[in-house]
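The values are calculated or read from the model by the stated rules, or taken from the named source; none is laboratory data. Remember, predicted model here, so these are calculated numbers, not experimental data. FYI the Cβ positions are ideal-geometry reconstructions off the backbone, even for glycines, and counts take in every protein chain you see. Quick note on the areas: whole protein, heavy atoms, side chains included, nothing else; ligands and nucleic acids left out. Shrake-Rupley method; radii C 1.70, N 1.55, O 1.52, S 1.80 Å.
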Amino acid sequence: RMEKILICVLGITCTHYALTSFSPIYRYKHHGLIKINRMLTTPSRSLISLSMAIDLSSGLQGVNARILMENAERLGRIERSLIGKKYPVKTLTPLPLNTAISKTLPSDNTTLLSKAVLLRDGCVSIKNVLSAETADKLLEFVNKEKEKSEIDVKNGQAIYDDRFGAVNNRRNRADMFLPFDEKIVENALCEAVNNLLPFLQSLDGMMESGSLHELSCIISDPGSPTQCVHCDTPFLPNVAPLYTFFIALQDVDDDMGHTTYLPKTHTKAAHDIFNAGIKQKEELIAITPPVASSLKKGDVAVFDSRVLHCGGANTSNGRRRVLFYFTFTAGDVEKNNPNPSRGTGSIRSVDRLKHTLKSLLKK
């Protein structure tokens, strides 16, 4: 009987600990989203062992994480419904490589259609920057590397943050950093860079001080939800733009989730509206004419990392979408971090601040 009483007391005490470890749970009036504040530090209870407290704390953090994930996915669906509300979603049609990049004119007189579109809209697409053979080999490597990296992290042989990055609405979706010293990764990067060289040369300061800021891939498995509308970096004064290159390693069908962009939102004015409040943010999403990438194997979507965009849900029957990506900037990212809240970009620590555009061209 005394054992039952003790168990009852312990249960009540644990429940009290759980309830007092969190701020009150409440709902936003707007869209009915649940919000739970961060767990608060509380004094240890005399009837709870340290190990029990740790287990309980971990469980509560898990509940918090799950609710936050559900909120983010719900918000993604809401924002997805706003896209194209005023103007229909158009296709970001890839420009033929020879049209996008004129190789017949002297570089100092070359007018690049792709550069003009990128600077104006914040996004552009170009066809066939990576061969089918290279794309297939890299895709095979990525699939094997994801499984290996997950096992390494689980077994404590690798740190999660050195293999995977933060990604918007991560259920069945991963941002996996790629090792530069793997031959197929280096070959794919150098092949794409050489095909895009006139385009890269046209971007201010890129040949003089361009550096590799990110080297990674986005993996979206079936069941991955639509993302919330977001930018990869905020608009910051005196910080050079970052240009990200999303290259499809397979044809991306409609049900695999295209990336949707909101052109001309890579500006300070657009960011000011986006961050002003929920109403202003939703109006901006609803009235901006959207475009969606439609990538075939080897095609690239290039975008200013400040432009608003979101990845679509993968509703396919068993088809994984993999986008190989890299980011270049002519700015000094060590001195001026382009995104203080996210660290130093999606790249393995051994490759960080190590490779420049010039060094890649020598390989």
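General observations
- P(r) tail fraction, region 243-283 - alpha-carbon pairs more than 17 Å apart, %: 51
- Reachable aspartates and glutamates, given that their alpha-carbon falls under 15 Å from the alpha-carbon of Lys127 and they are not under 8 places away in the same chain: Glu191, Asp251, Asp299
- Chain lengthening between Ala132 and Lys85 when straightened (0.36 nm per residue, less Cα-Cα): 13.3 nm
- Estimated FRET transfer efficiency (Glu70, Ile278; beta-carbon r; R0 22 Å; 0.05): 0.75
- The dipole here belongs to region 155-312: it is taken about the Cα centre, uses +1 on the Cβ of Lys and Arg and -1 on the Cβ of Asp and Glu, and is about 440 debye.
- Within the assembled protein chains, the solvent-accessible surface assigned to Val300 is about 0 Å², based on a 1.4 Å probe.
- Flagged links, alpha-carbon separation over 26 Å, of Lys115/Lys297; Lys144/Lys183; Lys268/Lys363: Lys268/Lys363
- Projecting the Cα atoms of Pro179, Gly257, Phe235 onto the charge dipole of region 168-266 (Cβ charges, centred on the Cα centre) puts Phe235 farthest toward the positive pole.
- Stretching the chain fully between Asp204 and Lys354 yields a gain of 51.9 nm (0.36 nm per residue, less the alpha carbon separation).
- Greater than 29 Å apart at Cα, pairs in Lys148/Lys358; Lys85/Lys137; Lys86/Lys146; Lys85/Lys264: Lys148/Lys358; Lys85/Lys137; Lys86/Lys146
- A crude spin-label estimate for the pair Lys148 and Lys264, with each label 7 Å from Cα along the Cβ direction, gives 4.7 nm.
- Lys362-Cys190 pseudo-label distance in nm [points 7 Å out on the Cα-to-Cβ vector]: 1.3
- Per-peptide packing, taken as the mean over residues of other Cβ atoms within 10 Å, places 244-256, 194-206 in the sequence 244-256, 194-206 from highest down.
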